[in-house]
Every structure is written in structure tokens, then in C-alpha cells.
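The values are calculated or read from the model by the stated rules, or taken from the named source; none is laboratory data. In this text the structure is predicted, and so the values were computed from the model without any measurement. Using ideal geometry, Cβ is built from the backbone for each residue, glycine included, and neighbour counts are taken over all protein chains shown.
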Amino acid sequence: MSVAMIVFAKALIVVPITLLPILNPLAIAPIFLSMTGPLEQAVASRLAKRIAINCFILLMGAVFVGSYVLDFFGISLPIVRVAGGIVVAMAGWRLLNDQGKDQLHTSVAASANTWTKEELRKHSFYPFSFPLTVGPGTIAASITLGTQLPAKPVDWLITSFASALGVLLTTLGIYLCYRFARNMERFLGDVGATVLLRLSAFILLCIGVEIGWAGLSAMIEDLKFH
């Protein structure tokens, strides 16, 4: 196998392996269901497709321009992790304690089937694409992947193309999990779906705490170094 093929294969594999455990769309799918209510299948398909497109754009932006944006504003990755961890943890805590009266949950579930294309596009970004699916932890990981792109033009081109395909595969996984989330709910039943939702919300809370702690630890180490 040529060096170019090895570089391509490595970049293609590394991106989904790095991002999918953080994204964890299988665990987020029950939360997606709880927030959308009894969606018609056609609307659910369109929403899942729109979320996947949004996530693809977010991840591509984070990989290829994220580090430059942070440098421009003077923001470090640990700061992103701390702030993002708080957002994710709060979302997990709210879902963990939700008794069906959450304002966002109620408004989305009640009106999702009557959304226009513009409303679907708007709601598909917040809160579904960000921060529910692509959260700050994923963005931080994507930016880190982007900083590891090789400097040599030929290797950069090969790695960039492979990374883009890796992001595409990752967002395809997101689409499939959301698109067939209703099937999973039917398979689990009402009790199983409720248990999985609460467990997923707790995992989301833990992920938020872990993201925030990672950022805080890096900041503390930086202070010790200085």
C-alpha cells in the first residue's frame, strides 16, 4: 500500500472513531424523540436529514476553520470545553428532571407536524443540531483534529479529503439514528423508552461534567506551568 493510501485510510478512520463516541447518536436518539413528540414519519425524515446536514456543516467548519476562529477571538480550547460543558450539563439536568412540562419540549412536540420548511430549518439547528447533537465536546475534538492536518500540501490535500469523507460518514450515522429512532422506540416499548430516555439524559449530564472538568483541568495545568 502506498504512503498516500495509508495517509488517506488513517484520516478516514480516525475522524469517525474520534467523533462518534462523543456524539453518541444512539444515546441522544431517545432525547430527540422526547422533544419532538409523535412526529409524522415524513416530517421525522425531513428533520433528521436537516439535522444531519447542519451537523456536517458544523463539523466541517470546526475541523477546517475552527482553530483560526478561536485564534482570532483569543479563545482557548479549555475555555470552549468549560463553557460548553456547562451548557451540555444543564441540558442533561433539565431532561433528567423533566416531567413533561418543559416549555421547549412542549412547544416543539405540539407544533412539529405543522412546521413550514423555514421553521423546520430553523428548529433543526437549535436545539437539535447544536447543542444536543454537536455539542462543545464534539467541536473541541473536531478543532483538535483540524490542528493535526499535515503541513505538506499533498498530504494536506489527501488528509483533508479523507477527513471530509469521515465527517460525512459520521453525519450519516447521525441521520440513521434519528431517522429510525421511532422504530427503536416501538421495539423497546413505553417503559423501555422511558428508561432509555432517563439513562440518556444522565449520560448527557455526565458528558457535560466531563467536558467541563477536562477544560478546567487544562486551565489549572496551564496556571501551574506559568
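Structure values in brief
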| item | result |
| --- | --- |
| Test for Val14: is it in a helix (DSSP H, G or I), among the hydrophobic types (A, V, I, L, M, F, W, C) and at pLDDT 90 or above | no |
| Failed condition for Phe225, given (1) at pLDDT below 80; (2) surrounded by 13 or more Cβ atoms within 10 Å (Cβ to Cβ); (3) hydrophobic (A, V, I, L, M, F, W, C); (4) closer than 22 Å to Ile79 by Cα | (2) |
| Every pair of residues 6+ apart whose Cβ atoms lie under 8 Å, when the first sits in the range 1-28 and is over 19 Å from Leu145 (Cβ atoms) and touching a residue at least 40 places away in the same chain (Cβ under 8 Å) while the second is assigned to a helix (DSSP H, G or I) and polar (S, T, N, Q) | Ala27/Ser200; Ile28/Thr133; Ile28/Ser200 |
| Thr144 in contact (Cβ under 8 Å) with a residue 12 or more places away in the chain, hydroxyl-bearing (Ser, Thr, Tyr) and surrounded by fewer than 16 Cβ atoms within 10 Å (Cβ to Cβ) | yes |
| Answer residue from the range 148-166, given it is free of Cβ contacts under 8 Å to residues at least 12 places away in the same chain and of a type in the set (A, V, I, L, M) and is surrounded by the fewest Cβ atoms within 10 Å (Cβ to Cβ) among those | Ala151 |
| Subset of the range 17-42 that is more than 30 Å from Val209 (Cα to Cα) and part of a helix (DSSP H, G or I) - its residue that is modelled with the lowest pLDDT | Gln41 |
| The range 177-204, subset part of a helix (DSSP H, G or I) and at pLDDT 80 or above, residue nearest to Ile75 (Cα to Cα) | Phe202 |
